[in-house]
Structures are given as structure tokens and as C-alpha cells.
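Structure record follows, encoded as C-alpha cells.
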Amino acid sequence: MGITIKIGGVDKTEYVDARTLSIRDELTSKVNSASFDFFCHDIAIAPKTGEEVLIEEGAKKLFSGRLLSKEESFLPPNLLKYSVECIDHSRDLDKKLVYESYKDQKAGDIYKHIIGNYTTGFTYNNVSDGPTISEIAFNYVQVSDALTKIAEICGYEWYVDYDKDIHFFANNTY
């Protein structure tokens, strides 16, 4: 079973040099990334910054995110090469800024409130309750920064999986 690479929902595996494919998968709030070289003869086929990228092996997702950057070069006689860098969906979390304060609430409930009110397309099926936080406030901070601050206070970790589900768990349980 081979690896498939979809860019913008279209299978573009044939244009990717598999020898250059690299995936960095972190099981924490650190950003996951992927990179590869993309070759084509027509600029209309070329990947575009911001497009969704999905890398799978059979039914298993190896990476899901967005195309962050591409560096274009020309190889004679008429071949275009793009060195592509991708980032996971954690960047999509930060489209809105969190402006909220919470008092005497479980950390998991705060996570769920932030995800439900400040993001689109994300779920929180894997958010554990965590400890009760006596008081915490956010003054126009990115969602990922708010989630990280809560995790640090609790001694927990968090990450976004490739199905855009948030995981929030105790450090010693994963």
C-alpha cells in the first residue's frame, strides 16, 4: 500500500518526489510539519499556499494540514520544481483572539468553551476534565496560546490531531 498526497482535495502523488517526503510528528502542542519536492510542467498544476494537504498510507493519516510555503525553481528544458513546506492545523486555531475570564472551572470545560466559541471545524472529543482552575483570564491572545497557558498551569499537554480534534491530557498519561 503506497502513500498518497492530496493537495486541495486532489490526488497529486504523481508530482511528488517520494524520496524528499519528510514528516515531523510531535505528540505535544508543538507544530507538526511536512515537506516535499513537487515537480510539474504546468503552473496550473502547482500547489498554492494555504491549500489543505493530506498525506495518507492506505486509510491511515500520516499528516494533515495546510501548505505554508513553497519555493519555486526552474529546471531546463521546461520543468518546474517547488520545495513545499506544510504545517498542521494548529495554525487554523488562531483565526480569532480569545478575550475571556474564567473562575472556578475545570480546565477541560475552559478548553471546550474556547474551542466551541473561538474556532471553526475543530472538535474536543479527547479533552479530559483536568483540575479546577481558580481564576484565569485572556486578553486578546491566540487560541493556541490560551490552550498552552492552561496546559502549563495544570501540568498537562495538548495537541491537534489530523482530524482536527483537540487532545488535552495529563503529562504522565500519554
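The values are calculated or read from the model by the stated rules, or taken from the named source; none is laboratory data. This structure is a prediction, so every number in the text was calculated from the model and none was measured. Neighbour counts are summed over all protein chains in view; Cβ atoms, including those assigned to glycine, are modelled from backbone coordinates with ideal geometry. Note: areas computed on protein heavy atoms with side chains; ligands, DNA, RNA excluded. Shrake-Rupley method; radii C 1.70, N 1.55, O 1.52, S 1.80 Å.
With a requirement of 1 or more residues that are within 13 Å of residue 72 (Cα to Cα), the strands (runs of 3 or more DSSP E) lying completely within the stretch 10-60 that satisfy it span 33-40. Restricting attention to the stretch 76-110, the residues being of a type in the set (S, T, N, Q), modelled with pLDDT of 90 or more and under 25 Å from residue 31 (Cβ atoms) number 1. For residue 72, state whether it is touching a Leu at 6+ places or on another chain (Cβ under 7 Å), at pLDDT 90 or above and open to solvent by 30 Å² or more (accessible area, probe 1.4 Å). Spelling it out, it is not the case that residue 72 is touching a Leu at 6+ places or on another chain (Cβ under 7 Å), at pLDDT 90 or above and open to solvent by 30 Å² or more (accessible area, probe 1.4 Å). Taken as a whole, the stretch 90-101 holds at least one residue that is touching a Leu at 6+ places or on another chain (Cβ under 9 Å) and closer than 24 Å to residue 23 by Cβ. Scoring residue 50 on the criteria (1) touching a strand residue (DSSP E or B) at 6+ places or on another chain (Cβ under 9 Å); (2) small (Gly, Ala, Ser); (3) open to solvent by 40 Å² or more (accessible area, probe 1.4 Å) leaves a single failure, condition (3). If only residues of the stretch 49-65 that are over 19 Å from residue 20 (Cβ atoms) and not small (Gly, Ala, Ser) are counted, the one that is nearest to the chain's Cα centre (by Cα) is 52. For the stretch 33-47, check the following and say yes or no: at least one residue is out of contact with any Phe, Trp or Tyr (no Cβ under 6 Å at 6 or more places or on another chain), open to solvent by 40 Å² or more (accessible area, probe 1.4 Å), closer than 19 Å to residue 162 by Cα and free of Cβ contacts under 8 Å to residues at least 40 places away in the same chain. No; the residues of the stretch 33-47 include none that is out of contact with any Phe, Trp or Tyr (no Cβ under 6 Å at 6 or more places or on another chain), open to solvent by 40 Å² or more (accessible area, probe 1.4 Å), closer than 19 Å to residue 162 by Cα and free of Cβ contacts under 8 Å to residues at least 40 places away in the same chain. Contact annotation: residue pairs with Cβ atoms under 6 Å, 6 or more positions apart or on different chains, pairing a residue in the stretch 90-105 that is without any contact (Cβ under 8 Å) to a residue 60 or more places away in the chain and of a type in the set (Ser, Thr, Tyr) with a partner that is surrounded by fewer than 16 Cβ atoms within 10 Å (Cβ to Cβ) and in a strand (DSSP E or B), are 99/140; 101/137. Does at least one position in the stretch 98-120 carry a residue that is at negative phi, among the basic types (Lys, Arg) and surrounded by fewer than 12 Cβ atoms within 10 Å (Cβ to Cβ)? Among the residues of the stretch 98-120, at least one is at negative phi, among the basic types (Lys, Arg) and surrounded by fewer than 12 Cβ atoms within 10 Å (Cβ to Cβ), which makes the answer yes.
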